[in-house]
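Here, each number is a calculation from the coordinates, and none is a lab measurement. This one's a predicted model, so the numbers in the text were calculated from it and none came from an experiment. When we count neighbours, we look across all protein chains shown, and the Cβ atoms used for this are built from the backbone with ideal geometry, even at glycine.
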Amino acid sequence: MDITDLKILRMLRDDSRESMGSMATKLGISKATVSRRISKMESDDLISGYTVVTNTSRLGLMRAIIGLEVVGPSINAVIDELRKLEEIEFIHKVFGDHSLLCEVYTKSVDSLYDLIQNRILKVSNIQNVEVDILIEKIAMNPNAELDLISIQPSLNK
């Protein structure tokens with residue numbers, strides 16, 4: 001990976017639908033070079049997918065983070081049970097006050113309460129649950145991970 005790859009990643013992050021021809025023009029390289037570099041980053045698993053960002057409130061949904069304290073040796077068994085809950089978008093294994101952080105979507109506070117009380121707390125080995133309802137997502141630096149990579153001297157050669 002070099003500075004050109006980082007520039008391509010930034011362009012894709014800004015608009016993953018931007019044409020390879022347009023990126024090539026902006027970078028002063030050929031469309032084939034852009035295509036080859038993107039294919040290489042995909043095969044190296046540097047790019048793991050492309051996505052659409054939706055407006056949760058316009059869809060009639062609310063979003064929350066649920067912190068779970070898991071006791072006992074089998075956190076993977078808890079994760080397997082949580083996989084069955086369609087409201088959970090992501091589960092993060094973490095170090096800190098919780099064992100797991102779950103990103104969830106529900107239609108209301110009542111359905112969030114039901115999810116926690118009647119389904120999550122029924123999973124064995126979950127001892128404590130904390131909930132934060134997300135109000136607004138404020139982008140600070142959507143390219144933070146790319147900014148940190150670009151300052152490493154070994155990548156700027």
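If both residues of a DSSP beta bridge must be in the stretch 1-134, then about 100% of such bridges are antiparallel. Would you mind finding the longest exposed-site-free stretch of the chain, with exposed GluC sites (Glu not before Pro) meaning DSSP loop and at most 10 other Cβ atoms within 10 Å? Longest stretch, sites excluded: 1-85. Against the chain, whose longest principal axis is taken from its Cα atoms, helix 3-14 shows a tilt of about 50°. Kirkwood hydrodynamic radius computed over the stretch 57-134 comes to 12.6 Å, based on all pairs of distinct alpha carbons.
Length gained on full extension, residue 95 to residue 121, computed as 0.36 nm times the residue gap minus the Cα-Cα distance: 7.3 nm. Against the longest principal axis of the chain, how steep is helix 109-118, in degrees 0 to 90 to the nearest 10, with axes from Cα atoms? Relative to the chain, helix 109-118 is tipped by roughly 70 degrees.
Restricting the stretch 49-157 to chymotrypsin sites (Phe, Trp or Tyr not before Pro) that sit in a DSSP loop and have at most 15 other Cβ atoms within 10 Å of their own Cβ leaves 50, 95. Here is how the number arises for the chain: DSSP H runs of 4 or more residues each give -39500 (n - 2.57), the sum is divided by the residue count, and the result at 222 nm is -10500 deg cm²/dmol.
Placing pseudo-labels 7 Å out from each Cα toward the beta carbon at residue 113 and residue 137 gives an inter-label distance of 2.7 nm. At q = 0.25, 0.32 Å⁻¹ the log10 of I(q)/I(0) for the stretch 88-133 amounts to -1.08, -1.41, computed by Debye summation with a single uniform scatterer per C-alpha, solvent ignored.
Within the straight-line cut-off of under 17 Å between alpha carbons, the lysines reachable from residue 31 are 7, 40, sequence neighbours fewer than 8 places apart in one chain being disregarded.
Our compactness index for the chain, the C-alpha radius of gyration over the empirical 2.2 N^0.38 Å, is 1.35.
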